[in-house]
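The values are calculated or read from the model by the stated rules, or taken from the named source; none is laboratory data. Computed from a predicted model, the values in this text were never measured in an experiment. Heads up, the Cβs are rebuilt from the backbone with ideal geometry, glycines too, and the neighbour counts pull from every protein chain shown. To get the accessible areas, we keep the full protein, side chains included, count just its heavy atoms, and leave off ligands, DNA and RNA. Shrake-Rupley method; radii C 1.70, N 1.55, O 1.52, S 1.80 Å.
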Amino acid sequence: MNKGQFIAYLAPQFGDSKKEAARAVEVVFDAIVRNISKGDDVMINDFGKFKKVDRPARKGRNPFTGESIQIKASKKVRFLAAKGLKEVISGARKLGPAPTPPAKGVATKSAPKAKKAGRKAPKAKKAKRVVKKAKRRK
């Protein structure tokens, strides 16, 4: 599942608004990245823990030439799965039902919303482009 598919999966929870779902995903990812970059651990119960790990400098080997090389020290992110996630993945625990999207708004007695006057794109332009392309092909 990539980020776009994740947003599409969450959209029903936000009233079929992909824009709101994308905003929520961005906020969550941003919070995780900012806290990890500060050096704080991010612990999400029954999911896991994201933490920053310092890797020391070490010696390595170039696989093509076989010569020994020095690898610089670096900082990495490590994810440690929580016990609850491990149990679900292994099959030891059943995953509960997926959350259901909130019910569509029940009709309330309020004034009807006024439609915004928007500019509609003329359909004739698209037809002209198709005709021009067909002429060029001949």
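In the complete set of protein chains, residue-level accessible area for Ile89 is approximately 130 Å², probe 1.4 angstrom. Along its principal axes, the range 1-100 has C-alpha extents of 58, 35, 30 angstrom, given from the largest down. If R0 is 41 Å, the Cβ-Cβ spacing of Asn45 and Gln70 corresponds to a FRET efficiency of close to 0.50. Label positions at Ala98 and Asp54, each projected 7 Å from the Cα along the C-beta direction, are separated by 4.3 nm.
Heavy-atom accessible surface of Val28, to the nearest 10 Å², is about 80 Å², with a 1.4 Å probe and all protein chains retained. Other residues whose C-beta falls under 15 angstrom from the C-beta of Lys59 contribute a net charge of +3, scoring Lys and Arg +1 and Asp and Glu -1. Backbone phi angles across the range 11-23, fed through the Karplus curve with coefficients 6.51, -1.76 and 1.60 (θ = phi - 60°), yield HN-Hα couplings of 3, x, 6, 10, x, 6, 9, 5, 5, 5, 5, 5, 4 Hz in residue order; Gly and Pro are listed as x. Only protein atoms count toward the accessible area here, which uses a 1.4 Å probe; on the range 21-113, the carbon and sulfur part of that area reaches 59 percent.
Remark: spin-label model distance Ser37-Asp16 equals 3.7 nm, labels positioned 7 Å along the Cα→Cβ axis. For Gly48, the amide hydrogen comes within under 5 Å of the amide hydrogens of Ala82, counting only partners 5 or more places away or on other chains and with H modelled in the peptide plane.
For Ser37, Ser17, the ranking by accessible surface with the largest value first comes to Ser37, Ser17, using a 1.4 Å probe.
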